[in-house]
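The next block holds one structure in the form of structure tokens; read it before the comments.
The values are calculated or read from the model by the stated rules, or taken from the named source; none is laboratory data. Bear in mind the structure is a predicted one, so any value in this text is a computation, not a measurement. We place every Cβ from the backbone using ideal geometry, glycine too, and count neighbours over all the protein chains shown. For accessibility, only protein heavy atoms count, side chains too; no ligands or nucleic acids. Shrake-Rupley method; radii C 1.70, N 1.55, O 1.52, S 1.80 Å.
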Amino acid sequence: MAVNDGGRHDTVRAIALTGSDGGALTTPASTSPYVLAGQTSRWAVGGRMPAAGSSVHMTGTSDGGALDQAVPVTTR
């Protein structure tokens with residue numbers, strides 16, 4: 001999920017997700033990369049998801065620069 005609380009849209013590209021076990025997680029190729037101003041975007045994730053309450057590591061790029069952070073898993 002991405003939250004854009006700014007006034008302009010953002011584009012998220014080249015998302016790579018890694019589970020706590022080191023396994024790669026995927027997002028569908030048809031996933032829209034846009035996060036509209038003042039909106040929240042959610043993406044389906046495939047692969048072996050970690051348990052709710054844990055986190056995955058996400059890297060990628062956006063209009064604002066490089067992304068590199070832990071993302072909490074809220075549902076499995």
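If you go through region 14-33 and keep only what is at pLDDT below 90 and not small (Gly, Ala, Ser), you end up with ILE15, ASP21, THR26, THR27, PRO28, THR31, PRO33. The set of residues in region 11-27 being over 9 Å from the mean Cα position of the chain (by Cα), under 13 Å from LEU67 (Cβ atoms) and open to solvent by less than 50 Å² (accessible area, probe 1.4 Å) consists of THR11 alone.
Counting just the residues of region 32-48 that are more than 11 Å from the chain's Cα centre (by Cα) and over 19 Å from GLY7 (Cβ atoms), which one comes out surrounded by the fewest Cβ atoms within 10 Å (Cβ to Cβ)? It comes out as ARG48.
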